[in-house]
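What follows is a single structure, written as structure tokens, with notes after it.
The values are calculated or read from the model by the stated rules, or taken from the named source; none is laboratory data. Keep in mind it's a predicted model, so treat the numbers as computed, not measured. Every residue, glycine among them, receives a Cβ derived from its backbone with ideal geometry; neighbour counts consider all protein chains shown.
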Amino acid sequence: MLLFILRRLLWAVPVLWAVATLTFVMMHLVPGGPFDREKKLPPEIKANIEAKYHLDKPFAVQYGLYLKGLLKGDLGPSYKYLGRTVNDVIADTLPVSIQLGALALFIALVLGLLAGMASGAFAQTAWDKTSMFFATAGISIPNFVLGAFLILVFSHQFKLFPPALWEDARSVVLPAFALGLAPAAYIARLTRSSILEEKHRDYVRTARAKGLPETTILFRHVLKNAITPVITVLGPLAATLVTGSFVIEFIFSVPGMGKFFITAVTNRDYPLIMGVTLVYALLVVLANLLVDLFYTVIDPRIQLE
Amino acid sequence: MIQPLFWPRFRQDRLAVASLLLIAALLLIAIFGDVIAPYAHDLQNTDNNLAAPNAQHWMGTDALGRDLFSRLIYGTRISMAVSLLTGVSALLLGTCYGAVSGYAGGRIDNAMMRGVDVLYAIPDLLLIILITVLIGRGVSGVFLALSLVGWITVARLIRGEVLRLKENAYVEAARAFGVKDVRILLKHILPNTFGVLIVTLTFRIPSAILAESTLSFIGLGLTPPAASWGTLANEGWKALKFYPHLIFFPGLAIFMTMLAFNFLGDGLRDALDPKQNKVS
């Protein structure tokens, strides 16, 4: 077990190195330098700035310096926020994004599992059909449309929650729901189909033959086995939440990493773009590792190699 | 291969059939948009800006007095073209990569899949944004970026299918007859992934629509004068509080289209392979 964790953590190193290299190369292939403005800077000043950020050095040297910084956990200076490093920006914004993501994940799991379980248990009933219609609607509605709708109804019409910012507990509600509803719909669909599949297994027939009540079969036997595919998607779901957080933080003016990433792209703040990409990649890799570990806890048949 | 029972089964799924009709209607709107649109999409009339929906302007007008209905029809063409083309090109790229990787197996497969793992660690939209930073944000830039990212999922899926199919006895028989690898792959293995391919395509298109409109909504997608549904939603977003119709109609268009493709995908999957009942 410990060996497995170590091996997977070690595997994360080349992945992150590859991601760092890929983004570094891409951001240096962009035509035009980061300090090309519409108004030309005097050549001496431009030379000074370029020397400060090592932009006057050959590509290979710059790459070497960047990797060396990464090894020390230093993501470099921000081109836009003068005097601040990428580490500073991430230290300020990542906790906000994590809070938002965790809340959304919680909403997604609770709503999704409950709706999916109810649908699976009462398949082909009116309840099942309605909730699955809403689930398909939920995965079809873009989160910016949902977010705009929530703001219109709950902050402009009924003035229940603030439409933006990240200050008190009430301001967290709308963004968390806007981010969590689509994954909830996704989990509901998955849970339902997984339960339906398990219901036809032999062990269910055996349990029924023993005379166990349907509820016991469902809760004690079916659910336990049906949960595995749901756990599987939690890895990719981490990536979905990251992507969703760009839009949600943009709409609700939440000062998280996604909002800063969008601004960084508009400002062509390359070190910040690369740094944020790396942090997101690290999050996705860690989420997948956690999922793999979780498997063995809930399903002892799965062997880690 | 399409089974003989495909149509009878598919026809029973009313939602899927209705979705297919809606998608056909959207394609017609995209193709004949110029004829249907009551006004030119870029005709400005600043005396009549930000009008609420009325008899002359069914969906109202935007900040420059342009007819929203006509702009939405124009946006249909761009959104559908970008997503259909991306869906097809991602499918082609992904199928080639996945098929070669799965059929080759062993070290080649391992190396090819490690590359995919790296790309998989970067969330889709993030990678798309990085590519558009590099190659620009015009229609072709967004199309290229979406295609360069969309193939990854397809490749993983097709590789799995090919790995499974190549163990079949008929593949072994073909090999015993001395049939060349390329021919085995093209004639004996890939045709059997047809169902999976069709279903994948049906689910790739809505994700392309979502990615493009999201990108345009946060202001990192198509640049004016090109207007997709996402661009229109972005313009509407700025006036949300007082002119909600400006985001309502583009939002509805995106939602209905995604819904139709998702229902169609579900219907196709159930009809093509009734045993498999998983959500993709």
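Checking each residue in the stretch B:244-255 for being crowded, with 24+ Cβ neighbours inside 10 Å and either of a type outside the set (A, V, I, L, M, F, W, C) or within 9 Å of chain A (Cβ to nearest Cβ) (or both) picks out B:Ile247, B:Pro250, B:Gly251, B:Ile254.
So which of A:Ala115, A:Ala137, A:Ala102 is in a helix (DSSP H, G or I), assigned by TED's automatic domain parsing to the domain that holds A:Asn225, within 19 Å of the chain's Cα centre (by Cα) and not basic (Lys, Arg)? Show your work before the answer.
Numbers: A:Ala115 fails: within 19 Å of the chain's Cα centre (by Cα); A:Ala137 fails: within 19 Å of the chain's Cα centre (by Cα).
Exactly one residue qualifies, and that residue is A:Ala102.
With respect to (1) crowded, with 24+ Cβ neighbours inside 10 Å; (2) outside any helix (DSSP H, G or I); (3) within 10 Å of chain A (Cβ to nearest Cβ), the lone exception for B:Lys241 is condition (1).
If you go through the stretch A:74-82 one residue at a time, do you hit one that is among the small types (Gly, Ala, Ser), buried (at least 16 other Cβ atoms within 10 Å of the Cβ) and part of a helix (DSSP H, G or I)? For the stretch A:74-82, residues among the small types (Gly, Ala, Ser), buried (at least 16 other Cβ atoms within 10 Å of the Cβ) and part of a helix (DSSP H, G or I): absent.
Does A:Val172 satisfy being over 24 Å from A:Arg220 (Cα atoms) and either modelled with pLDDT under 90 or part of a helix (DSSP H, G or I) (or both)? Working first, answer last.
Numbers: over 24 Å from A:Arg220 (Cα atoms): yes; either modelled with pLDDT under 90 or part of a helix (DSSP H, G or I) (or both): yes.
Yes, satisfied.
With respect to the conditions (1) under 26 Å from B:Lys238 (Cα atoms); (2) outside any loop (DSSP other than H, G, I, E, B); (3) free of Cβ contacts under 8 Å to residues at least 40 places away in the same chain, A:Ala148 lacks only one, and its number is (3).
With respect to B:Ser101, determine if the residue is within 14 Å of chain A (Cβ to nearest Cβ) and touching a helix residue (DSSP H, G or I) at 6+ places or on another chain (Cβ under 6 Å). No; evaluated as a whole, the condition is false for this residue. Being at pLDDT 85 or above, away from every other protein chain (no Cβ under 12 Å), in a helix (DSSP H, G or I) and crowded, with 23+ Cβ neighbours inside 10 Å: is that true of A:Val254 here? No, not satisfied.
Going by what's in this entry, would A:Gly120 be described as within 13 Å of another protein chain (Cβ to nearest Cβ), surrounded by 12 or more Cβ atoms within 10 Å (Cβ to Cβ) and more than 23 Å from A:Val233 (Cα to Cα)? No.
B:Ile29 passes every criterion in (1) modelled with pLDDT of 80 or more; (2) under 24 Å from B:Lys238 (Cβ atoms) apart from (2).
The set of residues from the stretch B:199-216 being away from every other protein chain (no Cβ under 12 Å) and under 17 Å from B:Ala155 (Cβ atoms) comprises B:Val199, B:Thr200, B:Leu201, B:Arg204, B:Ala208.
Of all the residues in the stretch B:101-133, those that are on the phi > 0 side of the Ramachandran plot and β-branched (Val, Ile, Thr) number 0. In this structure, does B:Ile131 turn out to be farther than 30 Å from A:Thr263 by Cα and touching a Leu at 6+ places or on another chain (Cβ under 8 Å)? Spelling it out, it is not the case that B:Ile131 is farther than 30 Å from A:Thr263 by Cα and touching a Leu at 6+ places or on another chain (Cβ under 8 Å).
Step by step: first the residues of the stretch B:219-238, then only those that are under 18 Å from the mean Cα position of the chain (by Cα) and outside any helix (DSSP H, G or I), then the one that is surrounded by the fewest Cβ atoms within 10 Å (Cβ to Cβ). Which residue is that? That would be B:Ala227.
Residues to consider are B:Asp13, B:Asp62, B:Asp47, B:Asp34; find the one that is among the acidic types (Asp, Glu), crowded, with 20+ Cβ neighbours inside 10 Å and farther than 20 Å from B:Ile205 by Cα. Spell out the reasoning first.
On the way: B:Asp13 fails: crowded, with 20+ Cβ neighbours inside 10 Å; B:Asp47 fails: crowded, with 20+ Cβ neighbours inside 10 Å; B:Asp34 fails: crowded, with 20+ Cβ neighbours inside 10 Å.
Answer to the check: B:Asp62.
Taken over the stretch B:156-192, the residue count meeting the criterion of being touching a Ser or Thr at 6+ places or on another chain (Cβ under 8 Å) and closer than 21 Å to B:Leu268 by Cβ is 6.
When A:Pro163, A:Pro142 are checked against the criterion of being under 15 Å from A:Ser253 (Cα atoms) and within 25 Å of the chain's Cα centre (by Cα), a single residue qualifies: A:Pro163.
Considering A:Ile217, A:Ile227, A:Ile195, the condition of being over 21 Å from the mean Cα position of the chain (by Cα) and more than 12 Å from every other protein chain (Cβ to nearest Cβ) is satisfied by A:Ile217 alone. Summed over the stretch A:279-300, residues that are under 12 Å from A:Leu9 (Cα atoms) and facing another protein chain (nearest Cβ under 9 Å) total 3.
Remark: pairs (first residue in the stretch A:186-212, without any contact (Cβ under 8 Å) to a residue 24 or more places away in the chain and over 30 Å from A:Thr240 (Cα atoms); second residue surrounded by fewer than 22 Cβ atoms within 10 Å (Cβ to Cβ) and among the aliphatic types (A, V, I, L, M); Cβ separation under 7 Å; 6+ apart in sequence or on different chains) = A:Val204/A:Ile217; A:Ala207/A:Ile217; A:Arg208/A:Ile217. Restricting attention to the stretch A:257-278, and to residues there that are in contact with a Lys or Arg (Cβ under 9 Å, 6 or more places away or on another chain) and of a type in the set (A, V, I, L, M, F, W, C), which single residue is nearest to the other protein chains (Cβ to nearest Cβ)? Among them, the one singled out is A:Ala264. Condition check for B:Ala25 on (1) surrounded by 15 or more Cβ atoms within 10 Å (Cβ to Cβ); (2) without any contact (Cβ under 8 Å) to a residue 12 or more places away in the chain; (3) farther than 30 Å from B:Arg175 by Cα: one failure, at (1). When restricted to residues that are closer than 18 Å to B:Leu197 by Cβ and outside any helix (DSSP H, G or I), the stretch B:129-166 contains 1. Please pick out the residue among A:Leu190, A:Leu212 that is assigned to a loop (DSSP other than H, G, I, E, B), assigned by TED's automatic domain parsing to the domain that holds A:Ile262 and modelled with pLDDT of 85 or more. After ruling out the rest, the residue left standing is A:Leu212. Of the residues making up the stretch B:123-146, those that are facing another protein chain (nearest Cβ under 7 Å) and not charged (D, E, K, R) are B:Pro123, B:Leu125, B:Leu126, B:Ile129, B:Leu130, B:Val133, B:Leu134. Each residue in the stretch B:217-236 was checked for being in contact with a Leu (Cβ under 8 Å, 6 or more places away or on another chain) and either acidic (Asp, Glu) or facing chain A (nearest Cβ under 10 Å) (or both), and 4 of them qualify.
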